[in-house]
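The values are calculated or read from the model by the stated rules, or taken from the named source; none is laboratory data. Nothing here was measured: the structure is a model prediction, and the numbers come from that model. Methodologically, a virtual Cβ is constructed for each residue, glycine included, from the backbone with ideal geometry; neighbour enumeration extends over all protein chains shown.
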Amino acid sequence: MTWNSEFEVAFNPKTIAVVGASRSPYLFGDFVANLKLAGFSGHIYPINPKAAKEGATIHGLKAYPNLVSVPEKIDLVTASIPAPAIIPLLEQCIAANARNIQIYTAGFKESGTSEGIELERKLQEVAMRGGLNVVGPNCMGLHVPASRITTWAFMGKPGSVGFISQSGGHAGIFVLEAPEYGVNISKVISYGNAAVMDSTDFLEYMDNDTDTKIIGLYMEGVSDGRKLTSLVRQINRRKPVIIWKGGATDCGARAAESHTGSLGGSREVWDAFFRQTGAVRVNNIDELLDVAILFLNLKHLEGNRVALIGGGGGNSVSSADICDQAGLDVPAFTKETLKKLQEFIPLEGTITRNPIDIAFAMIDLNVLLRSLELSAADPNIDAVIFSLPPGIFLLAAAVRQAKDKSTFEQAVEEQSRSIVEILSRFRREKASGKPLIIVLQAGVIRFLPGQREKLRQALVKEGIPTYLSLEQASVAIGRFMKYRGFLQKDIA
């Protein structure tokens, strides 16, 4: 379709009509209740002919029999009614001059039935004739924290990462999990069958959206592969595009066809797409968020040479292997750096080469800070990865407990605050302009229940990319570097 700027009104609506609004209290998919819970400040018009006839209210709001009876122009229509009723509803949208509609209803092309396929064909015909901007059907629609519109009644803070998802379930997971990663959302669009508007239309929107700086995309298929390739290549020069392609295997492709009616193309075709566009390829929602963290917080990364600071000799060896497999280099420090490290790190039970094993020395946070500073200052290093072993973290807390005469839980909390303060200060003042990435690794000795997540949230709040495994961190850095390499090659 030709881009219609009127669709932008859907992301900041003053009026929303909910067709199929339920009088039952707070069921799943209760869109009126969810909008109220989310704090939407505009006017909500529940559409329910039976409730309107009886003079009933829905969640305290007057019910209306149809769209044309609503006393204002409707910016966004939300529809959750049986599939056969959708075509008459679209005719109502045309009559009411309501141009933006999101259709949650399933039972169209994805059903594989002749009735469903014909319904979707009719939907397309009416939408095109009336100039309607249709999201769906078989989708979860729009989620915009700044405007307080949502399906899930969970907002989070407005941010700069947009997500376009052919799957409503994946969109919901993204909405719920992104804040835990330190990723705040600009917009989420769940678009389902893409009967009228496809991923390319939403990419165009997010490309022009000043709130969106990073774009994530989950897709199972696309109607115009050439347009998608050209568009992603263009956008990718301005904003990183991170793509999770569903249906990449034969089994996945069959599942995609029954999920959203998508025909996804061969693996070879998509391999070529990623080579040509430079889009960041990921395999699941966690990888998408892992990469987004880096784009949000890393201003630059000169190369792939990393310093690894952690604990345990065997762990240091395996960590180097993990980095190497992700395309990262773990080079030796210069003689000058080694000499300075050995001045304050005892040789017994430690390793001062790269990786650095300073397990017991980490009980003294000044030792940690100095180790970070020297590692970052080394000319052979482009980034520092600090892997915090839970055993040493808890041992340091025990030492603090004995010193301060506090409870162990209090000591753990104080140690957490100290760690976050040290790492934040290092990143701001002592990192020699090089990125710091944190890994809160699992171990034989584990963090106290909930402590790992508390640490993670505190660190990402400070703008420090934080991961739960070195594998996650290394893969994300490797993909970040590949994107940067594509940009440099593309510009040249």
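Annotations for the structure displayed:
- Residues that are within 35 Å of the chain's Cα centre (by Cα), in a helix (DSSP H, G or I) and surrounded by 15 or more Cβ atoms within 10 Å (Cβ to Cβ) within the range 384-413 comprise P390, G391, I392, F393, L394, L395, A396, A397, A411, V412, E413, listed in sequence order.
- The residue list G141, G107, G112 contains one member that is farther than 27 Å from N297 by Cα, surrounded by fewer than 16 Cβ atoms within 10 Å (Cβ to Cβ) and either small (G, A, S) or outside the structural domain of C93 (by TED's automatic domain parsing) (or both), which is G112.
- Filter pass, R452 being over 17 Å from L298 (Cβ atoms), of a type outside the set (A, V, I, L, M, F, W, C) and either out of contact with any strand residue (DSSP E or B) (no Cβ under 7 Å at 6 or more places or on another chain) or not in a loop (DSSP other than H, G, I, E, B) (or both): yes
- Tallying residues that are surrounded by 13 or more Cβ atoms within 10 Å (Cβ to Cβ) and either in contact with a helix residue (DSSP H, G or I) (Cβ under 9 Å, 6 or more places away or on another chain) or small (G, A, S) (or both) within the range 42-56 yields 8.
- Selected residue (criterion: surrounded by the fewest Cβ atoms within 10 Å (Cβ to Cβ)) from residues of the range 414-449 that are without any contact (Cβ under 8 Å) to a residue 40 or more places away in the chain and closer than 12 Å to L369 by Cα: E429
- Complete set of residues in the range 238-265 that are within 20 Å of the chain's Cα centre (by Cα), farther than 19 Å from N184 by Cβ and either basic (K, R) or modelled with pLDDT of 95 or more (or both): R238, I243, W244, K245
- Being surrounded by fewer than 23 Cβ atoms within 10 Å (Cβ to Cβ), within 10 Å of the chain's Cα centre (by Cα) and not assigned by TED's automatic domain parsing to the domain that holds G131 holds for only one residue in E177, E204, and it is E177.
- Scanning the range 428-447 for residues that are closer than 18 Å to G391 by Cβ and either of a type in the set (F, W, Y) or out of contact with any helix residue (DSSP H, G or I) (no Cβ under 6 Å at 6 or more places or on another chain) (or both) turns up Q441, A442, V444, F447.
- Within the range 91-110, residues that are free of Cβ contacts under 8 Å to residues at least 12 places away in the same chain have Cβ atoms under 9 Å from residues that are crowded, with 24+ Cβ neighbours inside 10 Å and not acidic (D, E) in no pair, counting only partners at least 6 apart in sequence or on another chain.
- First in the range 69-83 and closer than 17 Å to N34 by Cα, second anywhere and among the polar types (S, T, N, Q) and part of a strand (DSSP E or B), Cβ under 9 Å, 6 or more apart: L76/T15; L76/N100; L76/Q102; V77/N100; V77/Q102; T78/Q102; A79/Q102
- Taking the range 133-250 as the region of interest, the helices (runs of 4 or more DSSP H) fully inside it that hold 3 or more residues being closer than 22 Å to K482 by Cβ and aliphatic (A, V, I, L, M) are 225-236.
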